[in-house]
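Participant: Take this structure, written in structure tokens, and hold onto it; I'll ask about it next.
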Amino acid sequence: MKLIMAPILLAVIGCLAIPHFALAACEQTDQLPWGESSDGIRLSIESTDRDGHSLQVAFQNLSDRDVTLNLGYMTGNGKVQLPSYIRLNFTDAQGKEKLFEFADKTHSFVAGRLDDYVVPLRAGSIYTLKLTLDQFWCRETQEFEVPLRPGENRLTAQFEGRGAKLFNQDMPAIRLMNFWFGKVESNPLVIER
């Protein structure tokens with residue numbers, strides 16, 4: 001009898017806990033710092049660790065229509081997702097500005113199929129990415145990580161929506177998807193060193 005009752009008791013406890021977790025998730029997204037919306041999309045950036053190295057970037061669809069975002073490209077049929085259309089506008093403690101592009105060094109060379117990194121974003125929904133500062137590089141200065149200096153460092157995330165760019169023979173209709181076109185910038189994130 002005890003063996004039968006244990007799974008039932010665990011199931012009941014699990015069902016009671018679900019609303020609490022769902023409520024906590026809603027509260028977390030309501031507390032995100034957001035930038036100004038652009039054509040129904042807004043962007044958030046925040047640090048997820050003490051040293052400012054790990055970031056969370058979130059997209060929210062404020063409109064009443066579903067859209068599709070192209071965040072970059074994928075390799076290995078979606079096994080590796082690279083949000084290469086996200087950029088970081090960085091202002092260091094001395095006031096110098098630099099633009100950093102997503103460039104994950106662990107996947108700098110691809111010898112195979114590439115697909116667009118397509119994310120459906122329903123009306124009212126949020127899509128969140130975990131990123132790190134060493135996944136970005138500055139084309140102008142050839143720096144392969146955002147260099148946080150002593151003092152106040154400022155970051156904003158930027159995204160420019162575009163349609164499908166990578167047309168594979170088995171997915172010709174991808175260009176017909178409802179892609180969001182526009183530019184959006186996040187809230188400023190200040191990282192003190």
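The values are calculated or read from the model by the stated rules, or taken from the named source; none is laboratory data. If you're wondering where the values come from, they're calculated on a predicted model, not measured in any experiment. All Cβ positions, glycine included, derive from the backbone under ideal geometry; neighbour counts span all protein chains shown.
Participant: Run residue 67 past the list (1) modelled with pLDDT of 95 or more; (2) within 19 Å of residue 168 (Cβ to Cβ) and report the number of the one that doesn't hold.
Facilitator: (2)
Participant: To continue, here is another question. Mind telling me which of the residues 158, 142 ends up being farther than 15 Å from residue 41 by Cβ and of a type outside the set (Phe, Trp, Tyr)?
Facilitator: Only one candidate passes the filter, namely 142.
Participant: Moving on to the next point. Looking at (1) surrounded by 18 or more Cβ atoms within 10 Å (Cβ to Cβ); (2) assigned to a strand (DSSP E or B), which one does residue 148 not meet, given that it meets all the others?
Facilitator: Of the numbered conditions (1) surrounded by 18 or more Cβ atoms within 10 Å (Cβ to Cβ); (2) assigned to a strand (DSSP E or B), the odd one out for residue 148 is (2).
Participant: In addition: Taking the stated definitions as given, is residue 111 closer than 26 Å to residue 49 by Cβ, outside any helix (DSSP H, G or I) and either modelled with pLDDT under 95 or outside the structural domain of residue 54 (by TED's automatic domain parsing) (or both)?
Facilitator: No.
Participant: Could you tell me which residue of region 82-95 is nearest to residue 39 (Cα to Cα), considering only residues that are surrounded by 17 or more Cβ atoms within 10 Å (Cβ to Cβ) and more than 11 Å from the chain's Cα centre (by Cα)?
Facilitator: In this case the residue turns out to be 88.
Participant: I need the full set of residues from region 173-191 which are surrounded by fewer than 16 Cβ atoms within 10 Å (Cβ to Cβ), part of a loop (DSSP other than H, G, I, E, B) and at pLDDT 95 or above, in order please.
Facilitator: Matches in region 173-191: 181, 182, 188.
Participant: Right, something else. How many residues are polar (S, T, N, Q) and in a loop (DSSP other than H, G, I, E, B) if we restrict to region 48-107?
Facilitator: 4
Participant: Then there's this: For residue 114, which of the numbered conditions (1) more than 18 Å from the chain's Cα centre (by Cα); (2) over 14 Å from residue 80 (Cβ atoms); (3) not small (Gly, Ala, Ser) fails to hold?
Facilitator: Condition not satisfied by residue 114: (2).
Participant: Is it true that some residue in region 162-172 is of a type in the set (A, V, I, L, M), in contact with an Asp or Glu (Cβ under 9 Å, 6 or more places away or on another chain), more than 27 Å from residue 75 (Cα to Cα) and not in a helix (DSSP H, G or I)?
Facilitator: no
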